[in-house]
Each structure stands twice: as C-alpha cells, then as structure tokens.
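Working notes, beginning with the structure itself.
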Amino acid sequence: MELIVIGNGFDLAHGLKSSYRAFGDYIEANHPTFYTNLISAFNNACGLWGNFENNLPLCGNEIENNGLQMMEERLQEIDYTPTDDEGIKYWLKKQYTFIHQLPVVLRKWADSIWCTPIHRCYSSSLFTPDTKFLSFNYTQTLEELYGIRREQILHIHGFVGSSSKPLIMGHGNLRSIAYAKNYKAKADSQADSITAAVYACVLEYLQYSYKDTVSIIAKNASFFDGLDNVDEVKVIGCSLSKADEPYFTAIESKKPKHWTFYYHDDIHNYELFVRKNAISDSRYVFLPNKEIMN
C-alpha cells in the first residue's frame, strides 16, 4: 500500500494563494480590526508571516513582557493599591482574546482562495486507485483536479467542503506551555496574585492557540491504525514543520518500508526527521519536486 502526504507546496504549485503571507494579506484587506489587534499583540508586522503557526507563541512572550513591565511600574507608584491589579488583568486579557476569532477568519480565507485550478501540475501516474492520502491542505485540489475519491483522503486539519468541522491551525510548542505553567505555579505558591495572573493569561493564550496533534491523531485512529502495511510513503509539498512533525512520527511508528521526500529547495527538516527517527539510509531518499511535475 502507498501513502502520499500532501502539504501546502502542492497547492502553491497549482497557483492557489494559500501561503501564510497570502493569509496575512487577506486579513489586512478584509478584517482590518482583527489584523490590527493581531499585529499589535505580536509587536511584529514583518516576521510574523514567514511561518505563522510556529510564530504563534511569540504573542505569549509579548503578553508576559508587557504584563510584568506594567506590574513593576504599578508597584513603584506611590498611590498603588492591590485593586490596580484588576486593571492589569483586564488589559492583558484584551491582548490575547483576539485569537478566538482566528477559526472564523481562517474559514473565510480558505473559502475565498479555493477554486479548482485549471491545469494539473503533477503527473497523474503518481496517483493510483489504492493510494491513501494524508492532506494538510484545506482545499479540494486532489478531489476536483485529480479525481481522487474522498474516502481515500484524510484532511487532517479540515477542508472547505466540510463546514460542520472547524479548520485547524496552531503551533506545536509544548515547551512554551510548560514554561508558562511552571511560572504560574511558582507565583501561586508565593501568593503573588498579579504575577500568577500574568502567566495565567500567557498560558490561556498558548493553550488555545496550540495544535493538539495527540488528540487529532487519536480522533483519526482508524486512519493511522490502517497504515500497518504501507510499503511507500511519498511526501509532496510539505515543510515538515515542528507543529506537524507528530503526524510524520505517527506514520514512522508503523515502520513503512520506504520514504520518498520530494523537495522544492530545502531538505533541512527532512534531514532532521530521518536522523531523529533513526531511519536508515536504505529506507529513504530525497528527490527534487520537478521529477514528478508535468
């Protein structure tokens, strides 16, 4: 059996405006208030969109830094009273509540970019009636352009054809969550209510914006359990980011006979993955993406 893992590079090759930068441009043009709150919360208009999901924890840093700075300034004021702490808590909450709008904005953006591409970019010989697909994309390029049956595809983060399920986007940085938990617990133990409130806000933001891949894999256990007999895994258009690495690790746990990683211009993350999982040289190969394109 063959499994093909499809990433955003697949849609980009077909001319769809599915990059993080395009997502930012859409938000700025169509949801200006949300965009302003987003940029303000991150304090970063330039570097945010290079890898939006992996950059999400940076807002937690801003909440932490701003909260602790405000706390210090208030404590130094002559007329400081503990009731001032409520104002800090209120301000901090306003800094991260914008993130609750992300699923709504994400759905509207995905719907706006989806259209069936005119030309096939990849060789149809890649896709057989028995191939299984794991797609990270929200679009239906596989179904509508290549005629892949829906039952062959797991859209692991949702897709535009299913409005009943939310689209998923988030970071995979568990260390940032553990950091916030640790400092909140320390402040709680010292009865330092305002510092605890700062880290409670940081923690709530980080947990809400976290992509819980463990739960996602568990919800799709039937798909992953069905990969025991995979002979070949082909990876197309994937960056293999930190947020999505657990999916690849789950596939490797089934010990497929061979991996083929098709790359556009960078194999660094692929190299890290095969080393981390001790995949022998005979079980993988890196090939340029152009070899499978029309």
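Is at least one residue of the range 235-247 among the polar types (S, T, N, Q) and over 19 Å from residue 61 (Cα atoms)? The answer is yes, given that some residue of the range 235-247 is among the polar types (S, T, N, Q) and over 19 Å from residue 61 (Cα atoms). If you go through the range 141-152 and keep only what is surrounded by fewer than 21 Cβ atoms within 10 Å (Cβ to Cβ) and closer than 24 Å to residue 246 by Cα, you end up with 150, 151, 152.
In the condition set (1) in a helix (DSSP H, G or I); (2) touching a helix residue (DSSP H, G or I) at 6+ places or on another chain (Cβ under 7 Å); (3) open to solvent by less than 50 Å² (accessible area, probe 1.4 Å), residue 274 is compliant with all but (2).
Residue 72 meets all of the listed conditions (1) open to solvent by 70 Å² or more (accessible area, probe 1.4 Å); (2) acidic (Asp, Glu); (3) farther than 15 Å from residue 92 by Cα but one, namely (3). Being open to solvent by 40 Å² or more (accessible area, probe 1.4 Å), over 15 Å from residue 134 (Cβ atoms) and either out of contact with any His (no Cβ under 8 Å at 6 or more places or on another chain) or touching a residue at least 12 places away in the same chain (Cβ under 8 Å) (or both) is a property that holds for residue 265.
Pairs meeting the criteria (first residue in the range 156-172 and farther than 22 Å from residue 248 by Cβ, second residue in a loop (DSSP other than H, G, I, E, B) and not aliphatic (A, V, I, L, M), beta carbons under 7 Å, at least 6 apart or on different chains) are 160/114; 160/138; 160/139; 160/140; 161/140; 165/158; 166/158. Of all residues in the range 228-241 being out of contact with any strand residue (DSSP E or B) (no Cβ under 8 Å at 6 or more places or on another chain) and open to solvent by 60 Å² or more (accessible area, probe 1.4 Å), which is nearest to residue 173 (Cα to Cα)? Once the filter is applied, the top-ranked residue is 239. Counting only helices (runs of 4 or more DSSP H) that sit wholly inside the range 1-47, those with at least 3 residues that are of a type in the set (Phe, Trp, Tyr) are 20-30, 32-42. Among the residues of the range 6-20, is any more than 14 Å from residue 137 (Cα to Cα) and open to solvent by less than 20 Å² (accessible area, probe 1.4 Å)? Within the range 6-20, none of the residues are more than 14 Å from residue 137 (Cα to Cα) and open to solvent by less than 20 Å² (accessible area, probe 1.4 Å). In summary, residue 130 fulfils each of the numbered conditions (1) over 15 Å from residue 13 (Cα atoms); (2) touching a Gly at 6+ places or on another chain (Cβ under 9 Å); (3) part of a loop (DSSP other than H, G, I, E, B) with the single exception of condition (2).
When each of 64, 53 is tested for being open to solvent by less than 30 Å² (accessible area, probe 1.4 Å), modelled with pLDDT of 85 or more and in contact with a strand residue (DSSP E or B) (Cβ under 6 Å, 6 or more places away or on another chain), the lone residue that passes is 53. Suppose the filter is aliphatic (A, V, I, L, M), surrounded by fewer than 18 Cβ atoms within 10 Å (Cβ to Cβ) and either touching a strand residue (DSSP E or B) at 6+ places or on another chain (Cβ under 6 Å) or on the phi < 0 side of the Ramachandran plot (or both); does residue 167 pass it? No, not satisfied. If the condition is being closer than 27 Å to residue 137 by Cβ, assigned to a helix (DSSP H, G or I) and among the hydroxyl-bearing types (Ser, Thr, Tyr), then the range 163-184 contributes only 176. Contact annotation: residue pairs with Cβ atoms under 7 Å, 6 or more positions apart or on different chains, pairing a residue in the range 121-149 that is over 16 Å from residue 159 (Cα atoms) and free of Cβ contacts under 8 Å to residues at least 60 places away in the same chain with a partner that is small (Gly, Ala, Ser) and open to solvent by 30 Å² or more (accessible area, probe 1.4 Å), are 146/124. Only residues that are under 17 Å from residue 96 (Cα atoms), free of Cβ contacts under 8 Å to residues at least 60 places away in the same chain and surrounded by 15 or more Cβ atoms within 10 Å (Cβ to Cβ) were counted in the range 21-37, giving 1. Any idea which of (1) crowded, with 20+ Cβ neighbours inside 10 Å; (2) under 30 Å from residue 182 (Cβ atoms); (3) touching a helix residue (DSSP H, G or I) at 6+ places or on another chain (Cβ under 7 Å) is the one residue 207 doesn't satisfy? Condition (1) is where residue 207 drops out. For residue 187, the criteria (1) surrounded by fewer than 17 Cβ atoms within 10 Å (Cβ to Cβ); (2) at pLDDT below 95; (3) more than 23 Å from residue 56 (Cβ to Cβ) hold in every case but one, which is (1).
The values are calculated or read from the model by the stated rules, or taken from the named source; none is laboratory data. Remember, it's a predicted structure, so these values are computed and weren't measured experimentally. A quick note on method: Cβ atoms are made from the backbone with ideal geometry, for glycine too, and the neighbour counts reach across all protein chains shown. Only protein heavy atoms, including side chains, enter the accessible area calculation; ligands, DNA and RNA are left aside. Shrake-Rupley method; radii C 1.70, N 1.55, O 1.52, S 1.80 Å.
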